[in-house]
Amino acid sequence: MSVHPIAVTINGKAEYLEVPAHMTLLQMLRDRLALTGTKNGCEAGECGACTVLLDGQPVNSCLVLAVEVDGRQVVTVEGLAQDGTLSGLQQAFIEHNAVQCGFCTPGMLISSQALLARNPSPDEDAIKEALLGNLCRCTGYGRIIQAIQDVARGGGAS
Amino acid sequence: MSGLSTVGKSVLRIDAHDKVTGAAVYADDLQFGPGLYYGRLVRSPHAHALIIKVDASRALALPGVKAVVTGRDTPTRIGLYLKDRTIFALDRARMVGDPVAGVVATSEEIAEEAARLVEVKYEELPAVFDPVVAIQPDAPLIHPDLGEYEVVPFIFPQPGTNISEHFKLRRGDVEAAWPRCAAIIEGTFRLPPIQHVPIEPHVAVALWELSGQVSLWTCSQSPFAQRDLIAQSLGIPHGNLRVIAPYVGGGFGGKAGVSMEAAAVAMARAVKGHPVKLRMTREEEFICTTARQSLVANIMIGCDDQANLLAMEVAYYFGGGSSNEYGVNIARAAGYSCTGPYLVPNVKGDSYCVYTNTPIGSAMRGFGMPEIHWGIEQIMDQLAEKVAMDPAEFRRRNCVKTGRTILTGMEMPAIDLVACIDKVTQAIQWEKRPPASAPHKKRGKGLAIMWKAPAMPPNPGSSAMVRFNEDATVNVEIGAQDLGQGAFTVLAQIAAETLGVPYEWVRISVPVDTKYSPYEWQTVASRITWSVGNAVRAAAGDARQKILAVVAEHWHEDPADLDIRDGAVVSFKSEREQPLQNMVVYGLPNDDFEGWKGGPVVGSGKFMPTYVTNLDFETGQGTRAVVHYTVGAQAVDLEVDTETGQVEVLKIASAYDVGKAINPDLVLTQIEGGAVHGLSSAYEAIRLDAQGRPLNANLVDYRIATIADIPREIHGDIVETPLEDGPWGARGVGEHVMVQTAPAIANALYDALGVRFSELPLSAEKIFMALHGS
Amino acid sequence: MLARPGLPQFEYVRATTSVGVHDLLSTANARLLMGGTDLFTQMRDGVWRPRVVVDVKHIPGMQDITMDPGGLTVGAAVTMNQLARHPAVQRLYPALAQAASSVGSFQLRNRATLGGNLCNASPCADTAPAVAALEAILVLSGPAGQRETPFYDFVLGPGRTVVGTDEFLIGIRFPAQPAGSAGCYLKLGRSRMGDLSVVGVAVVAFRDLAARSGYRFRLALGSVAPVALRVPAAESLLAAEPPHETNLAAAADLAMHAAVPISDVRATAIYQTLMVRTLTLRALESAWAQLQGAGR
Ligand SMILES: Cc1cc2nc3c(=O)[nH]c(=O)nc-3n(C[C@H](O)[C@H](O)[C@H](O)COP(=O)(O)OP(=O)(O)OC[C@H]3O[C@@H](n4cnc5c(N)ncnc54)[C@H](O)[C@@H]3O)c2cc1C
Ligand code: FES
Ligand code: FES
């Protein structure tokens, strides 16, 4: 087993860690940094609960090695609110009751944030394409679509 | 009822802020520091086998391994209604995945490696997977000791067979009624086992301290039931076992009762002083936690030429899996509700729970009702067609109505199912049948109705405490859980309304912790708004009375002239006003400060239904079988691609009679989420090979609805016929919202294609093949 | 039997040049890593337990898409999203762009690579039919330098390719497409989107005066044979006679007869076979409509 020193920026903060080669980014976030907002729902790229932004792009953190993020930028759900103010999407998720058990919510927010960054006014099909890999067993997804559209109408995620 | 300030308003969820920021703590998020150990389970690769020998020596030799626990360490049986299993398999494995041993190590990785080193010698036995095969006299016996198991008085196992429960319902005379029927439809309907698939897999962390104090942190719908069952099984005084239940990432029944949590506690006992974390992988979640039972239903229903239902005969065979400790009560619930939401004068019903060598069947959203409605609701459509009546009209005529006697002899409590039918037929434009969008597509509409009672022992209790803080914010203590359904929000609304304080002043004291939280049976059966709602109302009412008594004394007025409005005591008589701040903790000084009165305000309350009666063993008849029923209707509009068999659901319209919507928008979110869950369930199945091994224990091959699969439109309506003993008339709706979706889809498919599907799951392949012949 | 939690231990080597990689591959029990979306799930399932994982996606060129008169070159580690949103790929190689965008989910496609999809050699790999229909050449790097192999020789069977133990894939070359060529990839899964394919059909079509019909169609099927399957009979039919309704249907029938699927948990062989006809017909019609549109 090899251990690797890495330098990674997480939610704007520089972190220096030593990670074993076989540690996933998901394990690093949750077990090493106690950033437990990112969830483990399958460890197999299927559920999307572990979705984070890697250099601005959403990825399944369960399918990325921690050592691979050396020198890169990671954003997790904990990094979405700025200076204590919720992002437009976070606020909209609350207002539309797009949250039930909340386990899918961090991944949903990350995927939605990435969507609005590349497409500020997505139609319903674009939202579906972007969130296809984020499973939710509670909400039936409708409120999540509404919340995203609401933010899009208001001019994009803050 | 006017003048409500919080109840009936769609206030925002009390837990939403935590959940959008990642601050909400779930069981796997708790931090235990470097002393944390990890467990992995050794599982049977055989569906049915005797365990000859477990040799852990190689596993124990691995550095980092701390203990290996086997069935010998946990010989005492455990179970909710029927104590039919041990925490680790003792002498026999009854399904693929049955836990045979548990390994504790300093990391999950080492525990996993060690688990692979535990050598288990099995002697394979013939296995049985289908409940109808399992009831045959020559079927392999899965629980030869069934007669020795402890069982609650209302469940009737049949030792020497695989039948763990047989519920009989006899009403009127079906034999005499059949000749009078103008139309009779008979069918056999099958449903596979399916899984809850909460996005959060099961996690438990247990700590057995040297003092004998035991703590269990777990994602749980049932902290108190878990305390009770685990304490009994492992011989822990109830007062020493503390179950702490943080946020739950979806339950749907899968986190009710006890599943893998007990193993975590048994493993922690082997390494006292160290917390042990046990978590299920997604693959284990599918087959090693619990599942919805399979069902084979034989149903025959007849009506006269005026479309009045006359007779119904059913036999339900639930494939309960390797343990039926919880599932027995599903068969019972299916038995006493076996007609579905219909008035049928002559009924013969037999409902069986049957052991099979498959994943453990247990509570799942709907608790037997989705299973039985699948067949009933299709036959009702067929009967309507036979007597040439519109299916909606047929249902309006025959459905249960307030005050009418239902199958168990009980009088139907107040509901309005006809209003639900009216709402959904209107929303779906029932009378219109628009054409499909393309020549190769066919379009159809379907309707289905449902009922469901909370299925539970006759006397499940709820309790609540209300404590005021100096600034008059209130802590409400409950033992109920929020699984996402919104319980904490609704209970806070009930407390605020009763106390006369703003909703924003209420805090729910969570996580639920059996050491501090008041008793709650379980968060199941759609009973929380109703039962805990009543308890919170009682506790808040108690606190309110205490406050009013102090202020009345202070003002020399009659408490009856006082009220609490918006956080202050007001008098209608003297128009005086006393803010709650400070006085709810420090009390009020007597005139001239000659002493004080009052003091910290604590209210307590409880609720327990006391009126449910026994049902006759031979007939299932009794005065009051259940506390109440929630009813509803759904209508579906869909389109089928006849060249592929793929279905697009264009719209689902739902309406439920919730008595009183304490939070209307939260009711709608249940209705919407339930419609998609119901749609998804029609396509789901746990698939096993001929040896009982899983074929699709992952989210790629066990597909649940994604955002791309949802109907184009999801419509919800709320009907409010107050329930006699509900808070402001409220009754539950969390489970009902998916009960009849699958048969509504089947009825719409028939409308579109003229083909009936009696077996779930549906699939594009099955639909295509049915259309084009095999 | 069931997947393990987390990945088993291994050593990680990040290669920034191909120098040394071949040696490592031939001496160590090594697996190549690009997006890891197949590798990691297979390691959890116990399919592989390598001592070393060699991350080759940072070798120069591996993540590049380049166009030149000879055609399109896609680095082996180009992700599905990179391919799907590349304007030139969308315009000139629509079948490839559509196949790439049909893989899994958006976040998965940020990691999943074209090369990984081909090297994993699953019968249901979505890009394989498009790559087959586009007659791509695969470029392998070995100790003795680079070698090229046409895709139709590349996959030997499920999970098996011609890549030697000391070699790795560095790029995929797509010959230039005739002006105005059309193409599409149609996929049928068990749900509306995002599933593995039960049947995948790629069609590429262009005007060709050398063909008697004036048109050339290339047709490849996925998920219905051990490897992506070209259907020469259907292709010859459409080269011989100008496409029209019955011709296209006849070609779809030929495709159906060429398919040799096996029943599995996703679908039965008979359904897959029948769906080959449906999807092929739809794909041919779509390509034909594109050609006619372009002709006007
Ligand atoms: C949830 C989920 C959904 C999926 N859905 C789809 C789908 O819809 N359609 C589909 O086609 N696939 C799907 N896949 C499979 C997978 O994502 C694709 O096959 C992907 O393209 C693989 O690329 P990769 O870069 O991740 O490969 P890796 O996992 O990195 O590698 C794949 C294999 O190739 C080997 N390899 C890696 N690099 C090289 C190289 N340069 N030369 C030779 N061998 C190499 C690896 O050792 C490994 O065996 C899905 C996977 C998951 C987890
Ligand atoms: S945990 Fe990564 S996709 Fe499910
Ligand atoms: S809110 Fe529970 S999984 Fe989405």
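The values are calculated or read from the model by the stated rules, or taken from the named source; none is laboratory data. Everything numeric here is computed off the predicted structure, so don't read it as measured data. Don't worry about glycine lacking a Cβ; one is built from the backbone with ideal geometry, like all the others, and counts go over all protein chains shown. Calculation scope for accessible area: heavy atoms of the full protein, side chains included, ligands and nucleic acids excluded. Shrake-Rupley method; radii C 1.70, N 1.55, O 1.52, S 1.80 Å.
Observations on the structure shown:
- Qualifying residue in segment B:703-711 (condition: of a type in the set (Lys, Arg) and in a loop (DSSP other than H, G, I, E, B)): yes
- Contacts under 9 angstrom Cβ, first residue in segment B:237-254 being over 18 Å from B:GLY479 (Cβ atoms), partner within 16 Å of ligand 2 (Cβ to nearest atom) and acidic (Asp, Glu), 6 or more apart: B:GLY249/B:ASP28; B:GLY249/B:GLU200; B:GLY250/B:GLU200; B:GLY254/B:GLU285
- Given (1) out of contact with any strand residue (DSSP E or B) (no Cβ under 8 Å at 6 or more places or on another chain); (2) more than 14 Å from chain A (Cβ to nearest Cβ); (3) buried (at least 16 other Cβ atoms within 10 Å of the Cβ), index of the condition B:ARG190 fails: (1)
- Among residues of segment B:622-651, those that are under 22 Å from the mean Cα position of the chain (by Cα) and open to solvent by less than 50 Å² (accessible area, probe 1.4 Å), counted: 10
- Qualifying residue in segment B:204-215 (condition: within 22 Å of the chain's Cα centre (by Cα), at pLDDT 95 or above, open to solvent by 10 Å² or more (accessible area, probe 1.4 Å) and not assigned by TED's automatic domain parsing to the domain that holds B:GLU759): no
- Subset of segment C:30-48 that is surrounded by 14 or more Cβ atoms within 10 Å (Cβ to Cβ), in contact (Cβ under 8 Å) with a residue 40 or more places away in the chain and away from ligand 2 (no atom under 16 Å from the Cβ) - its residue that is nearest to C:MET80 (Cα to Cα): C:MET34
- Extreme residue, most open to solvent (accessible area, probe 1.4 Å), among residues of segment C:236-256 that are out of contact with any helix residue (DSSP H, G or I) (no Cβ under 8 Å at 6 or more places or on another chain) and assigned to a helix (DSSP H, G or I): C:GLU245
- Cβ pairs under 8 Å, 6+ apart, first in segment C:119-141 and more than 14 Å from chain B (Cβ to nearest Cβ) and open to solvent by 10 Å² or more (accessible area, probe 1.4 Å), second within 16 Å of ligand 2 (Cβ to nearest atom) and not in a strand (DSSP E or B): C:ASN120/C:ASP38
- Complete set of residues in segment A:87-113 that are within 7 Å of another protein chain (Cβ to nearest Cβ) and part of a loop (DSSP other than H, G, I, E, B): A:ASN97, A:VAL99, A:GLN100, A:CYS101, A:GLY102, A:PHE103, A:CYS104
- Considered as a group, the residues in segment B:81-137 that are part of a loop (DSSP other than H, G, I, E, B), open to solvent by less than 40 Å² (accessible area, probe 1.4 Å) and among the acidic types (Asp, Glu) include one that is nearest to the other protein chains (Cβ to nearest Cβ), and that residue is B:ASP98.
- Every residue from segment C:4-29 that is outside any loop (DSSP other than H, G, I, E, B) and either surrounded by fewer than 21 Cβ atoms within 10 Å (Cβ to Cβ) or within 16 Å of ligand 3 (Cβ to nearest atom) (or both): C:GLU11, C:VAL13, C:ARG14, C:HIS22, C:ASP23, C:LEU24, C:SER26, C:THR27
- For segment B:590-621, the candidate set comprises residues that are open to solvent by less than 30 Å² (accessible area, probe 1.4 Å) and in a strand (DSSP E or B); within that set, the residue that is farthest from B:PRO413 (Cα to Cα) is B:LYS597.
- Looking across segment C:168-188 at every residue that is open to solvent by 10 Å² or more (accessible area, probe 1.4 Å) and out of contact with any helix residue (DSSP H, G or I) (no Cβ under 7 Å at 6 or more places or on another chain), the one that is modelled with the lowest pLDDT is identified as C:ALA179.
- Cross-chain or 6+ apart pairs with Cβ under 6 Å, segment B:40-60 first and open to solvent by 50 Å² or more (accessible area, probe 1.4 Å), then outside any strand (DSSP E or B): B:PRO45/C:MET1; B:ARG58/B:LEU117
- Failed criterion for A:GLY102 (all others in (1) in the same structural domain as A:LEU135 (by TED's automatic domain parsing); (2) small (Gly, Ala, Ser); (3) more than 16 Å from ligand 2 (Cβ to nearest atom); (4) open to solvent by less than 10 Å² (accessible area, probe 1.4 Å) hold): (3)
- Search result, residues across segment B:483-509 that are open to solvent by less than 10 Å² (accessible area, probe 1.4 Å) and of a type in the set (A, V, I, L, M): B:ALA487, B:LEU491, B:ALA492, B:ILE494, B:ALA495, B:ALA496, B:LEU499, B:VAL501, B:VAL506
- Meets criteria (within 13 Å of ligand 2 (Cβ to nearest atom) and either surrounded by 19 or more Cβ atoms within 10 Å (Cβ to Cβ) or at pLDDT below 95 (or both)) for A:VAL52: yes
- In segment A:10-21, the residues that are away from every other protein chain (no Cβ under 11 Å) and open to solvent by 40 Å² or more (accessible area, probe 1.4 Å): A:GLY12, A:LYS13, A:ALA14, A:TYR16, A:GLU18
- Subset tally (residues that are open to solvent by less than 10 Å² (accessible area, probe 1.4 Å), β-branched (Val, Ile, Thr) and part of a strand (DSSP E or B)) for segment C:49-98: 4
- Those residues of segment A:36-49 which are surrounded by 24 or more Cβ atoms within 10 Å (Cβ to Cβ) and either more than 16 Å from ligand 3 (Cβ to nearest atom) or free of Cβ contacts under 8 Å to residues at least 12 places away in the same chain (or both), in sequence order: A:GLU43, A:GLY45
- C:GLN63 vs. criteria without any contact (Cβ under 8 Å) to a residue 24 or more places away in the chain and within 9 Å of chain A (Cβ to nearest Cβ): no
- Scope segment A:13-35; condition in contact (Cβ under 8 Å) with a residue 12 or more places away in the chain, within 13 Å of ligand 2 (Cβ to nearest atom) and of a type outside the set (A, V, I, L, M, F, W, C); matching residues: A:THR24, A:GLN27
- Tally, over segment B:686-736, of residues that are farther than 27 Å from B:PRO201 by Cβ, within 14 Å of chain A (Cβ to nearest Cβ) and of a type in the set (Phe, Trp, Tyr): 0
- Hits in segment A:25-68 - residues which are among the polar types (S, T, N, Q) and either assigned by TED's automatic domain parsing to the domain that holds A:MET108 or under 19 Å from C:THR79 (Cβ atoms) (or both): A:THR51, A:GLN57, A:ASN60, A:SER61
- Of all residues in segment B:464-483, those that are on the phi > 0 side of the Ramachandran plot have Cβ atoms under 8 Å from Cβ atoms of residues that are surrounded by fewer than 24 Cβ atoms within 10 Å (Cβ to Cβ) and hydrophobic (A, V, I, L, M, F, W, C), 6 or more apart or on another chain, in B:ALA472/B:TRP505.
- Taking segment C:190-212 as the range and being within 16 Å of ligand 1 (Cβ to nearest atom), open to solvent by 10 Å² or more (accessible area, probe 1.4 Å) and touching a helix residue (DSSP H, G or I) at 6+ places or on another chain (Cβ under 9 Å) as the test, the residues that pass are C:ARG190, C:SER191, C:ARG192, C:MET193, C:GLY194.
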